[in-house]
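Working notes for the structure below.
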Number of protein chains: 2
Amino acid sequence: MLSQPVNRPLPMRHFAEELPAAQPDGEPSTPVRAMTAAGEANRERILDAALARFARTGLSGTRIEAIAQDAGLSKTNLLYYFRSKNALYLAVLTRTLDMWLEPLRAIDADRDPREALGHYITAKLEAARDHPEASRLFALEVMQGAPMLSAVLATDLKELVDRKVALLQLWQAEGRLKPHKPHHLLFQIWATTQHYADFATQVEQLTGASLADPVFFQQTREAIVASILGAVLP
Amino acid sequence: MLSQPVNRPLPMRHFAEELPAAQPDGEPSTPVRAMTAAGEANRERILDAALARFARTGLSGTRIEAIAQDAGLSKTNLLYYFRSKNALYLAVLTRTLDMWLEPLRAIDADRDPREALGHYITAKLEAARDHPEASRLFALEVMQGAPMLSAVLATDLKELVDRKVALLQLWQAEGRLKPHKPHHLLFQIWATTQHYADFATQVEQLTGASLADPVFFQQTREAIVASILGAVLP
DNA sequence: GTCTATAAGCGGATAGAC
DNA sequence: GTCTATCCGCTTATAGAC
């Protein structure tokens with residue numbers, strides 16, 4: 001749809017998306033619109049800063065000037081790289097989504113259910129530990145009705161989940177999983193693992209620990225694995 | 001600290017709280033500051049509308065004019081009842097908090113652990129079904145670091161949780177629960193039950209159902225009870 | 001208690017020089 | 001690519017009449 005920051009005036013407030021235009025690998029030798037190394041580095045710093053801010057204060061609660069400061073440039077300069085706050089927000093969402101869905105994709109039909117699900121839980125909990133902002137970003141977005149992401153959820157996520165649900169049903173038919181509505185299994189895994197990222201403030205206030213503590217991480221992992229796998233394995 | 005809307009000018013943007021001044025039961029016969037029946041009804045309608053809006057779009061994403069319209073009065077008039085947006089937000093939070101913590105308080109030492117925890121899970125899931133906005137409101141608040149609520153969480157909630165954790169540890173010592181860090185049991189219950197409220201959009205998109213559907217509710221309840229109680233009961 | 005009018009300030013976005 | 005200056009709309013909040 002769109003590609004790079006084209007400075008044409010728009011009559012109304014535009015919500016046009018500037019998806020970061022899948023940069024061709026290798027040096028930016030393309031004559032059409034070359035992105036310098038410094039430029040690319042700025043882009044990345046902006047996206048990192050934006051993720052942190054949006055995950056903490058949401059879209060409307062975040063001022064682009066704060067993001068710019070975190071990234072070490074001026075507000076105007078940030079708007080050179082991203083045409084609008086919404087464009088930046090969307091860029092952050094899409095950049096993070098693939099990474100976020102990766103563990104689910106990795107659930108493998110060839111593996112043993114116990115092993116595959118155990119790996120999935122561990123991977124999700126590691127993601128909650130290593131990328132809590134990503135978890136919170138999506139949680140904020142989905143909780144507000146996914147205004148910017150509903151299309152992707154309804155298509156990409158739905159498709160992916162449908163495939164994995166079919167796999168779980170297959171395992172059930174083979175007697176390798178107890179009969180259950182498979183969605184609940186997924187929801188329980190998502191809910192419990194992401195809780196430790198999304199509600200980290202509360203978890204720390206109540207226990208004094210976080211997933212960053214290896215002992216606490218192991219405890220948590222075992223608690224989740226025990227309850228969820230215990231319920232679905234025959 | 002403060003009580004009713006006093007119209008004194010404030011030099012800086014004020015975050016002073018107008019906690020709703022625990023209205024004495026019975027008719028407003030107090031001569032000091034009587035609240036008419038109509039006034040009280042307005043207040044309630046505002047609070048209801050505010051809960052719905054804040055839960056959906058957050059504090060900064062909500063315009064008080066939208067709340068006013070939902071409640072059927074003008075923005076100016078809303079500000080007659082609540083001195084500021086922040087005051088209104090705080091009033092909504094505090095009004096909802098007690099209701100939200102009630103199920104946890106109800107966990108009873110005299111009951112059988114299986115029964116007590118089963119009831120707790122059911123009550124939490126009913127709350128997620130009947131008051132999803134309350135769930136989302138607190139989720140939004142806590143996920144953003146609980147800027148307005150951290151004091152209450154650190155004292156009231158902490159105290160309440162500490163008491164219940166002690167009870168769970170007692171049950172463990174008596175051999176009526178498997179040894180486990182009790183916090184994880186609570187977190188799992190919170191996470192799974194609240195997930196169906198907080199991520200209702202996603203749940204509906206993926207399953208086509210919601211907790212409002214009695215069949216789906218039962219399915220969900222049984223899945224949660226099975227996994228969580230299965231793991232902690234001896 | 002409710003309305004009209006308006007103050008006051010913030011924050012996103014653009015223009016244009018360098 | 002980065003900066004300075006500035007515009008403009010939006011939203012909270014207040015003043016004051018009725």
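The values are calculated or read from the model by the stated rules, or taken from the named source; none is laboratory data. Values in this document were obtained by computation on a predicted structure and should not be read as measured data. Cβ coordinates were reconstructed from backbone atoms using ideal geometry, including for glycine residues, and neighbour counts include every protein chain displayed.
Just a few scattered comments:
- Count of the range B:181-234 residues, restricted to those that are farther than 19 Å from residue B:126 by Cα and charged (D, E, K, R), is 1.
- Extreme residue, nearest to the other protein chains (Cβ to nearest Cβ), among residues of the range B:81-112 that are within 9 Å of DNA strand D (Cβ to nearest atom) and in contact with a helix residue (DSSP H, G or I) (Cβ under 6 Å, 6 or more places away or on another chain): B:85
- Meets criteria (closer than 19 Å to residue A:42 by Cβ, surrounded by 21 or more Cβ atoms within 10 Å (Cβ to Cβ) and touching a Phe, Trp or Tyr at 6+ places or on another chain (Cβ under 7 Å)) for residue A:128: no
- Residue count for the range A:74-103 satisfying the condition of being small (Gly, Ala, Ser) and assigned to a helix (DSSP H, G or I): 2.
- Looking across A:160, A:177, one residue alone is over 28 Å from residue B:54 (Cα atoms), over 18 Å from the mean Cα position of the chain (by Cα) and not charged (D, E, K, R). It is A:177.
- Residue match in the range B:185-200 (condition: farther than 25 Å from residue A:205 by Cα and surrounded by fewer than 18 Cβ atoms within 10 Å (Cβ to Cβ)): no
- Filtering the range A:54-80 to residues that are within 11 Å of chain B (Cβ to nearest Cβ) and among the basic types (Lys, Arg) leaves A:56, A:63.
- Screening the candidates B:58, B:39 for the property of being at pLDDT 95 or above and either in contact with a strand residue (DSSP E or B) (Cβ under 8 Å, 6 or more places away or on another chain) or not hydrophobic (A, V, I, L, M, F, W, C) (or both) yields one hit, B:58.
- Summed over the range B:133-154, the residues that are more than 10 Å from chain A (Cβ to nearest Cβ) and over 17 Å from residue A:58 (Cβ atoms) give a count of 3.
- Residue A:224 surrounded by 19 or more Cβ atoms within 10 Å (Cβ to Cβ) and within 16 Å of the chain's Cα centre (by Cα): no
- Of all residues in the range A:161-180, those satisfying the criterion of being at pLDDT 95 or above and surrounded by 15 or more Cβ atoms within 10 Å (Cβ to Cβ) are A:161, A:164, A:165, A:167, A:168, A:169, A:171, A:172, A:176, A:177.
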